[in-house]
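The values are calculated or read from the model by the stated rules, or taken from the named source; none is laboratory data. These numbers come from a predicted model, not from an experiment. Every residue, glycine among them, receives a Cβ derived from its backbone with ideal geometry; neighbour counts consider all protein chains shown. Surface areas here come from the heavy atoms of the whole protein model, side chains and all, with no ligands, DNA or RNA. Shrake-Rupley method; radii C 1.70, N 1.55, O 1.52, S 1.80 Å.
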Amino acid sequence: MTNPLLASWDTPFGIAPFDQISDDDFGPAFDTAMAEHLAEIDAIASNAEAPTFANTIEAMMGAGAALDQVAGVFFNLAGSDSNPAREALMRDIAPKLSAHSSAIYSNADLFARVQAVWDARETLDLSDEQARVLMLTHRGFVRAGAALSGAEGARMTAVKGRLAELGTAFTQNVLADERSWSMELSEADLTGLPGFVVSALRGAGEERGTGPCVTLSRSVITPFLQFCPDRDLRRRAFAAWAARGANGGETDNRDIAAETLRLREERANLLGYADFSAFKLETEMAGDAGRVRDLLMQVWAPAREAALADQAVLEGMLTADGYEAPLEPWDWRYYSEKRRQAEHDLDEAEVKPYFQLDRMIEASFACAERLFGLGFAPLDVPLYHPDCRAWEVTRNGQTIAVFIGDYFARGSKRSGAWCSAMRAQRKFPDAQIPIVVIVCNFAKGDPALLSYDDARTLFHEFGHALHQMLSDVTYEMVSGTSVARDFVELPSQLYEHWLEVPEVLAEFATHADTGAAMPQALLDKVLAAATYDMGFQTVEYIASAMVDLEFHSGPAPADPMQKQAEVLEQLGLPRAITMRHATPHFAHVFAGDGYSSGYYSYMWSEVMDADAFAAFEETGDAFDPEMAKRLEDFILSQGGSDEAEALYTGFRGRMPGVEALLKGRGLAA
């Protein structure tokens with residue numbers, strides 16, 4: 001019987017036949033697909049004809065179709081719906097895939113052909129996109145160590161293989177800690193909590209077969225810390241949240257972080273770089289650690305000043321409640337919420353019924369329809385989990401993508417929110433529409449209600465999805481979100497701004513019980529409070545970004561936890577604020593290379609997103625059709641087909657300064 005993962009899928013739009021795939025299929029499918037891919041690569045490398053763009057670069061682009069198909073399904077499932085079998089597969093497959101990649105990049109005959117095409121590039125009459133693909137291919141080989149030989153080449157292969165193992169272990173350890181901890185609550189403990197928090201706690205308990213309980217799902221623990229009046233319960237919950245990956249035993253990530261940093265430094269040194277940041281940032285917009293540090297510190301000073309002022313106010317509220325100072329990290333969200341209610345007359349329990357998940361999904365679709373002419377029609381197809389929903393995305397009667405939303409928290413899903421493509425857009429070697437998934441961790445409910453921050457997260461991830469769905473390039477290598485890490489957050493963070501457009505909230509923020517639109521007075525208060533507590537939010541983020549940057553600048557620290565403490569001490573982190581992601585659970589940085597020395601990227605992109613939305617505001621219309629077309633033509637459709645700075649300058653005519661970001665965060669002088 002044919003392995004369904006290796007078959008040609010005769011399904012609507014080529015969506016994976018999830019109802020036919022079992023976990024037992026993945027191991028054999030990966031083995032077969034990797035062997036097929038290596039055979040294709042060997043055929044390219046041993047081709048007797050002189051190297052050309054077509055028989056070398058394009059031939060490589062067309063190889064590995066089976067592997068792409070298998071991996072596209074597996075890695076989406078591994079993050080969003082894990083189980084012991086899939087976790088074991090991940091531990092087995094990660095080093096195999098690393099070795100597979102190393103076998104390709106260390107193929108001397110293949111690299112010789114790539115080098116020959118690169119050397120002849122001025123004579124080849126390539127299109128701009130082809131020239132970009134050639135440059136990226138050649139650069140990828142060099143940065144992977146293709147020019148290394150002998151012992152150095154073998155060591156590079158070993159280092160990358162071990163890093164793949166460590167990243168997998170790090171991720172699984174955090175997930176294990178999040179799954180294993182819960183704090184059951186009595187009915188008395190629920191006193192004083194808003195109904196939506198009680199509902200989330202009961203839902204968490206039902207999933208675990210207990211009474212109401214706090215879990216380490218962000219959609220459960222964050223509102224609990226905001227609203228629970230019992231200081232000791234808050235302390236216990238926060239301690240568990242902060243200790244993920246640092247509880248001793250098999251799931252402790254501290255040694256993994258230390259080894260990861262050592263191996264990254266060695267990898268960079270093998271390639272001739274002074275440290276990992278120099279290697280990593282070379283291909284980003286920032287270019288080097290100095291420019292990153294300059295940006296972060298420009299924002300740090302006003303953010304810290306605002307946070308310290310807020311800390312003093314909140315500590316006064318704590319002592320007024322009869323507790324001794326100082327204010328602790330488990331107190332901040334509780335007293336900040338009370339202060340918001342008092343100063344902005346804004347109670348999240350009053351606001352939340354207006355942010356129904358289904359209405360916010362409709363809002364994200366409606367904005368895409370007005371800006372880009374997209375339509376969304378529900379699809380009835382088998383998906384990987386009953387919670388998932390799918391839509392056919394069309395424009396002018398043509399299907400351009402399939403969009404899948406996986407919105408609810410569950411024990412099998414890693415924390416956070418993300419967007420990925422099970423299949424990316426391309427025109428070569430054949431035309432294929434993207435299949436795009438966004439994954440969130442919202443609390444279930446009937447109906448499911450979001451916080452304002454949750455709604456921003458939904459719009460953020462949908463912005464990533466639009467970058468994939470509106471991609472219009474020839475080669476998958478530069479499709480969609482295949483861009484510099486510090487540029488990839490621009491479309492996502494930019495799309496968040498449309499949630500704040502008053503006419504969008506007026507239409508879609510309707511009450512779950514009455515269906516009534518949000519009253520204008522409440523809408524005004526929501527928008528006025530958009531930058532509330534921004535000192536806290538900015539400080540906890542920059543603290544994490546600076547620790548990441550300093551981990552990878554200079555020699556790798558022998559003790560990452562000591563280095564973390566030193567960096568935070570030098571910054572002067574307010575005592576009642578912690579890093580948004582402490583080292584033992586900093587998955588952005590340690591689950592893989594993605595955001596290593598790159599967590600700053602959100603703020604680098606925010607400089608552009610604030611300026612980009614200002615372009616719409618300057619027209620007087622947040623949905624200005626001409627500006628929307630420029631955004632699509634120069635950024636959303638282009639993927640990585642040009643340098644990020646050239647794409648942004650094409651859209652805006654110039655690069656921005658930090659002023660719009662400070663103004664948008666309410667931190668401008």
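Before moving on, here are some points about what is shown:
- Global form of region 66-197, assessed from the alpha-carbon gyration tensor, a/c cut-off 1.5: prolate
- In plain terms, the chain from D633 to A50 could stretch by 206.2 nm, reckoned as 0.36 nm per residue minus the Cα-Cα distance.
- Computed on region 510-579, with alpha-carbon pairs under 8 angstrom and 6+ residues apart, the relative contact order is 33 percent.
- The residues of region 600-669 expose, per residue, 42 Å² of accessible area to a 1.4 Å probe.
- Computed over region 569-664, Kirkwood Rh from alpha-carbon pairs, angstrom: 15.9 Å
- For K160, the lysines whose Cα falls under 25 Å of its own Cα, not counting residues fewer than eight places away in the same chain, are K96, K280, K563.
- Rolling a 1.4 Å probe over the protein heavy atoms of the chain, with every protein chain left in place, gives an accessible area that is 50 percent carbon and sulfur.
- The phi torsions of region 76-84, fed into the Karplus equation with coefficients 6.51, -1.76 and 1.60 and a -60° offset, translate into couplings of 5, 5, 4, x, 9, 8, 6, 7, x Hz, rounded to whole numbers, with Gly and Pro shown as x.
- Residue-normalised accessible area of region 56-203, expressed per residue, 1.4 Å probe, Å²: 41 Å²
- Relative contact order %, the chain, counting alpha carbon pairs below 8 Å whose residues are six or more apart: 16 percent
- 222 nm mean residue ellipticity, helices alone, for the chain (DSSP H n ≥ 4; -39,500 (n - 2.57); rounded to 500): -18000 deg cm²/dmol
- Cα-based shape type of region 465-563, given that a ≥ b ≥ c are square roots of the gyration tensor eigenvalues and the cut on a/c is 1.5: oblate
- Förster-model FRET efficiency, 41 Å R0, R179 and T283, C-beta, rounded to 0.05: 0.70
- Take each peptide in 351-361, 385-395, count the other Cβ atoms within 10 Å of every residue, and average; sorted highest first, the result is 351-361, 385-395.
- The phi torsions of region 44-59, fed into the Karplus equation with coefficients 6.51, -1.76 and 1.60 and a -60° offset, translate into couplings of 5, 5, 9, 4, 6, 6, 4, x, 9, 4, 5, 7, 10, 6, 5, 4 Hz, rounded to whole numbers, with Gly and Pro shown as x.
- Here percent of Cα pairs over 40 Å apart was computed from the coordinates, and among (1) 54; (2) 61; (3) 29 the match is (3).
- Euclidean distance between Cα centres, region 195-274 to region 351-406, Å: 30 Å
- Out-of-range pairs (alpha-carbon distance over 25 Å; input K413/K663; K413/K629; K338/K525): K413/K663; K413/K629
- Debye equation applied to the C-alpha atoms of region 122-233, log10 I(q)/I(0) at 0.21, 0.24 Å⁻¹: -1.09, -1.21
- Estimated FRET transfer efficiency when R0 is 25 angstrom, pair E617-R395 (beta carbons, to 0.05): 0.45
- Placed amide H near L185: partners under 5 Å, 5+ positions off or other chain: C213, V214
- Each DSSP beta bridge with both residues in the chain is either parallel or antiparallel, and the antiparallel ones are about 75%.
- Theoretical FRET efficiency, 1/(1+(r/R0)^6), r = Cβ-Cβ of S149 and D387, R0 45 Å, to 0.05: 0.35
- Solvent exposure of region 339-411 as accessible area per residue, Å², 1.4 Å probe: 40 Å²
- The order of the peptides 579-586, 646-653, 262-269 by mean Cβ neighbours within 10 Å, most packed first, is 579-586, 262-269, 646-653.
- Additional length obtainable on full extension of the chain from A239 to Q432, 0.36 nm per residue less Cα span: 64.7 nm
- Ranked by how many other beta carbons lie within 10 Å on average, peptides 454-465, 231-242 from highest: 454-465, 231-242
- For region 24-36, putting each phi into the Karplus relation 6.51 cos²θ - 1.76 cosθ + 1.60 with θ = phi - 60° gives couplings of 5, 6, 5, x, x, 5, 4, 4, 5, 5, 5, 5, 4 Hz, in residue order, rounded to whole numbers and with x for Gly and Pro.
- Length-normalised contact order for region 64-216 - Cα pairs under 8 Å, 6+ apart - percent: 22 percent
- Label-to-label distance, nm, for residues given as A85 and D255 (7 Å Cα→Cβ offset): 3.1 nm
- Taking 0.36 nm per residue of separation and subtracting the Cα-Cα distance, full extension of the segment from R291 to A120 would add 58.1 nm.
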